[in-house]
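I have a structure here, written as structure tokens, and I will follow up with some questions on it.
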Amino acid sequence: MKIAVMMIHGVGRPDPTFADGMIAALTKNFRKATAGADELVIKPAYWAPVLQKAENELWRRLGAGGPMDFVKLRRFMMDFAGDAIAYQPAPRERAIYEGVHQVLAKTLKDLSVLAGPTAPLVVIAHSLGTVIASNFLYDLQSQEKRQIVPKSVLRNSGKSPLDRGETLSLLFTLGSPLALWSLRYQGFGKPIQVPSRHLGKHHPRIKGGWVNIYDQDDVIGYPLRTINAAYQRAVKEDRPVNVGGLLSSWNPTSHTEYWTDHDVLTPLTEEFIALSKQFQR
């Protein structure tokens with residue numbers, strides 16, 4: 001009886017250990033509440049290397065072009081806007097989009113082996129990672145109607161219900177800019193379905209849902225339920241929090257503070273405990 005958890009980082013220059021703090025805290029909290037920490041099988045989806053080499057080279061070339069003020073702010077814009085722009089697929093340029101999704105597909109494949117092919121799936125995503133998660137899951141949910149998942153991604157995918165996203169139970173979006181991405185679509189678009197519409201045939205007792213967590217000082221993270229009627233139905237809760245320490249909790253740098261903050265870990269732990277109880281009935 002395992003619960004599969006995929007963690008997806010956002011913008012910036014994270015290293016492969018980006019999720020270690022949250023993994024340790026969630027495991028500790030879950031064990032304390034349920035005496036069953038081994039139920040959680042957690043895998044980070046570390047997609048940064050798909051983009052980092054090109055961004056580093058571009059930054060080097062720009063630095064050789066002449067003096068620039070606000071260097072740290074410019075580097076942040078490179079990390080955020082650069083990641084976001086590069087990730088968006090163009091008609092004949094999809095290599096980065098597909099490369100990032102390959103990382104997620106491989107992560108699900110690993111989770112299917114470690115947690116089981118029908119394990120309930122929980123996705124925790126931050127920042128641009130929430131857009132990536134939304135696109136990846138949207139592709140999976142649309143695949144049975146039309147062949148939308150790129151072949152390069154399918155080659156890195158498994159064949160289990162978990163790999164197909166059928167066991168998606170919970171989605172947590174942290175500091176999500178999905179509201180801004182909704183501007184790309186007429187009427188602000190259509191969200192993914194959480195839980196998956198197929199979840200009932202694998203785990204009929206699990207209710208699941210989508211919880212969106214955002215700091216009120218985070219200019220990248222926004223509430224989602226008021227985007228349109230479809231988002232209001234799809235998102236169970238917009239939860240405002242105050243993340244960060246003395247220097248970051250009151251300003252936009254709070255955007256980087258979600259992973260280990262108590263205000264985030266508490267609702268996550270509560271949802272995991274509820275999921276475990278539903279799953280074990």
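Probe of 1.4 angstrom, ligands and nucleic acids ignored: what's the accessible area per residue over the stretch 206-280, in square angstrom?
Working: 3550 Å² over 75 residues.
I get 47 Å² per residue for this part.
Grab the eigenvalues of the alpha-carbon gyration tensor for the chain, scale each by 5, take roots, and send me the semi-axes largest first in whole angstrom.
Over the Cα atoms of the chain, the semi-axes work out to 29, 23, 18 Å.
Next question, about the same structure. Using the Cα centre as the reference, give the magnitude of the dipole from point charges on the C-beta atoms of the chain (Lys, Arg: +1; Asp, Glu: -1; all else neutral), rounded to the nearest 20 debye.
The dipole of the chain has a size of about 1080 debye.
For a label point 7 angstrom out from the Cα of Thr253 toward its Cβ, which stretches of the stretch 207-226 have the backbone nitrogen within less than 18 Å?
In the stretch 207-226, the label zone of Thr253 (backbone N under 18 Å from the point 7 Å along Cα→Cβ) covers 215-221.
Can you compute the label reach from Val113? Point 7 Å from Cα along the Cβ direction, backbone N cut-off under 15 Å, restricted to the stretch 1-29.
none
So if each residue of separation counts as 0.36 nm, and I subtract the Cα-Cα distance between Glu93 and Arg184, what length gain in nm does that give? Kindly include the intermediate steps, with their values, before the conclusion.
On the way: separation 91, 0.36 × 91 = 32.76 nm, distance 1.82 nm.
The span from Glu93 to Arg184 would gain 30.9 nm if fully extended.
Using packing as a proxy for protection, rank 161-174, 191-204, 59-72 so that the peptide with the highest average count of other Cβ atoms within 10 Å comes first.
The packing order, highest mean first, is 161-174, 191-204, 59-72.
Let me ask you something else. Full extension from Arg13 to Arg61: what is 0.36 nm times the residue separation minus their Cα-Cα distance, to one decimal in nm?
Taking Arg13 through Arg61 to full extension adds about 15.5 nm, to one decimal.
Which angle from 0 to 90°, rounded to the nearest 10, does the C-alpha axis of helix 20-34 make with the longest principal axis of the chain?
Between helix and principal axis, roughly 20 degrees.
Now for a different question. Extension gain Gln52-His198, at 0.36 nm per residue separation less the Cα-Cα distance, in nm?
Extending this stretch completely gives an extra 49.0 nm.
To test your reading of the geometry: what angle, between 0 and 90 degrees and rounded to tens, separates the Cα axis of helix 95-115 from the longest principal axis of the chain?
Orientation of helix 95-115: about 30 degrees from the principal axis.
Could you look at the stretch 45-129 and say what percent of its accessible area is carbon and sulfur, using a 1.4 Å probe and all protein chains?
On the stretch 45-129, the fraction of accessible area on carbon and sulfur atoms equals 62 percent.
I would also like to ask the following. Taking the chain as the reference, fit the longest principal axis to its C-alpha atoms, fit the long axis of helix 262-280 to the helix C-alpha atoms, and give the angle between the two in degrees, 0 to 90, nearest 10.
Between helix and principal axis, roughly 30 degrees.
Can you give me the C-alpha center-to-center distance between the stretch 138-199 and the stretch 213-281, rounded to a whole angstrom?
About 20 Å separates the Cα centre of the stretch 138-199 from the one of the stretch 213-281.
The values are calculated or read from the model by the stated rules, or taken from the named source; none is laboratory data. In this text, all values refer to a predicted model and were calculated from it rather than measured experimentally. Please note: Cβ atoms are built from the backbone with ideal geometry, for glycine as well, and neighbour counts cover all protein chains shown. Ligands, DNA and RNA are stripped out before the accessible areas are found, and what is left, the full protein with its side chains, is counted by its heavy atoms. Shrake-Rupley method; radii C 1.70, N 1.55, O 1.52, S 1.80 Å.
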